[in-house]
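Asker: Mind having a look at this structure? Questions to follow.
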Amino acid sequence: MPVLKDLQDEFHLSYIFISHDLAVVKYISDQVMVMNQGEIIEIADSDAIYLHPREPYTRKLLSAIAKGWHHGSS
């Protein structure tokens, strides 16, 4: 993924990624949108989602990540 971040920085690109791997989402995203059953339930900056999720569903998703990924790590 370093190539994607380098291209993003150099050319001021935006990407849309759809993923169930929240560790990758944390690494690559500035903003995160959480969906549940096709509905958007939460949108925020990546740090806000990972450090202070508002929705119970988001908290449940984050609790499934291997420890060390969602408590302020980049």
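The values are calculated or read from the model by the stated rules, or taken from the named source; none is laboratory data. Everything quoted here is computed from the prediction, not taken from an experiment. Here Cβ is always computed from backbone atoms with ideal geometry, including for glycine, and neighbour counts include all displayed protein chains. Just the protein is used for accessible areas: all its heavy atoms, side chains included, with ligands, DNA and RNA removed. Shrake-Rupley method; radii C 1.70, N 1.55, O 1.52, S 1.80 Å.
Asker: Note down the nm distance, to one decimal, between modelled labels 7 Å out along Cα→Cβ at Ile40 and at Ile16.
Answerer: 1.0 nm
Asker: Calculate how steeply helix 2-11 sits against the longest principal axis of the alpha-carbon atoms of the chain, using the helix alpha-carbon long axis, and give the answer as 0 to 90 degrees to the nearest 10.
Answerer: Rounded to the nearest ten degrees, it is 70.
Asker: Of all the accessible heavy-atom surface of the chain, with the other protein chains kept in place and a 1.4 Å probe, what percent is carbon and sulfur?
Answerer: That share works out to 57 percent.
Asker: Ile49: net charge of surrounding residues, Cβ under 12 Å, Lys/Arg +1, Asp/Glu -1, itself excluded?
Answerer: Residues near Ile49 contribute -2 overall.
Asker: I want to verify a result. In a Gaussian network model of the chain, Cα cutoff 10 Å, which of these has the top mean-square fluctuation: Leu62, Leu13, Leu22?
Answerer: Comparing Leu62, Leu13, Leu22 in the GNM, the peak value goes to Leu13.
Asker: Within 10 Å of each candidate Cβ there may be at most 12 other Cβ atoms; applying that plus a DSSP loop requirement, which chymotrypsin sites (Phe, Trp or Tyr not before Pro) in segment 1-51 survive?
Answerer: When the chymotrypsin sites (Phe, Trp or Tyr not before Pro) of segment 1-51 are filtered for loop state and at most 12 Cβ neighbours within 10 Å, Tyr15, Phe17 remain.
Asker: For the chain, set up a GNM with springs between Cα atoms under 10 Å and report which of Ala64, Ala23, Ala48 has the largest fluctuation.
Answerer: Per the Cα network of the chain with a 10 Å cutoff, Ala64 tops the list.
Asker: Could you give the size of the charge dipole of the chain about its Cα centre, using +1 on the Cβ of each K and R and -1 on the Cβ of each D and E, expressed in debye and rounded to the nearest 20?
Answerer: 400 debye
Asker: Restricting to DSSP H runs of at least four residues, report the calculated mean residue ellipticity at 222 nm for the chain, -39500 (n - 2.57) per run over all residues, nearest 500 deg cm²/dmol.
Answerer: -11000 deg cm²/dmol
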